[in-house]
Amino acid sequence: MQRRILRKLFFLIVVACFAGCATNPPGMTLTVSSSPDGAYITSSGPVSGIAPVMAFWRQQVLDGIKRDAQGCISLKGFRAQWVSGAVTELATIRNCGNTDGYFTIVLRRDMKQPGLEKDMQFALNIQTLKHQKAQAEAAEAAAFAQMWSAMSATNPLLQTQQSFNCSSYRVGQTLQTNCQ
């Protein structure tokens, strides 16, 4: 029974390592954020959700878009709406350079529109939830490390002569762990 669990655990670790090393197809990845946090982002395409949201255009699609006189392509933009009803729109996105890579746009709320306090409170609630999620992920990682350590101590197949020094940190919505 324990051997089967260990095999499954090993398989999951290997899959996670390979998934983390996978490369994205060529194209443009655009992260749309809002300031303050918490705007609902929509576009004419399939992208929608509470910021930050990600949009992706394959390079083949981008290569098919005609460039203007300045060498730029234009893509349909995004609309951000905060809980107060305040709206910011970016009708088009112009890219005048390399279209293969990662880009970020921040849609900023007009502070003169009514309901700013409501939007700021919502942004604070979102930050609190993100912090709680990060704490839960860290606790889960610590519990996994403790379980692995306990299993390694009792199973000679898992014992290793190497020692590792690991550190974790957040990058956006992702928890990154590096071991040496």
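All of the numbers you see were taken from the coordinates with simple rules; none came from a lab. Given the structure is predicted, the values throughout are model-derived calculations rather than measurements. No Cβ is skipped: glycine too gets one built from the backbone with ideal geometry, and neighbour counts run over all protein chains shown.
Just to confirm a number: summing +1 for Lys and Arg and -1 for Asp and Glu over residues other than Ala80 whose beta-carbon lies under 9 angstrom from that of Ala80, what do you get?
Working: positive: Arg79, Arg108, Arg109; negative: Glu89.
Neighbour charge sum, excluding Ala80 itself: +2.
Going by average Cβ neighbours within 10 Å, how do the peptides 164-170, 79-85 rank, with the highest at the top? The partial results should precede the final answer.
Values: 164-170: 10.1, 79-85: 18.3.
Packing proxy ranking, top to bottom: 79-85, 164-170.
Could I have the simple spin-label model distance between Ser48 and Glu137, label points 7 Å from Cα toward Cβ, reported in nm to one decimal?
2.7 nm
Among Leu107, Leu129, which comes first, second and so on when ranked by fewest other beta-carbon atoms within 10 Å?
Details: Leu107 21, Leu129 10.
Listing Leu107, Leu129 from fewest to most nearby Cβ atoms yields Leu129, Leu107.
Taking one equal scatterer on every alpha-carbon of the range 89-139, how large is log10 of I(q)/I(0) by Debye at q = 0.29 1/Å?
For the requested q values the scattering log ratios are -1.11.
Using only the alpha carbons, work out the radius of gyration and Dmax of the range 22-138 in angstrom.
Calculated on Cα positions, Rg and Dmax stand at 16.4, 51 Å.
If you average the sequence gap of Cα pairs under 8 Å that are 6 or more apart and divide by the length of the range 22-138, what percent do you get for the contact order?
On the way: 202 pairs, mean separation 36.2, N = 117.
In percent, rounded to a whole number, it is 31.
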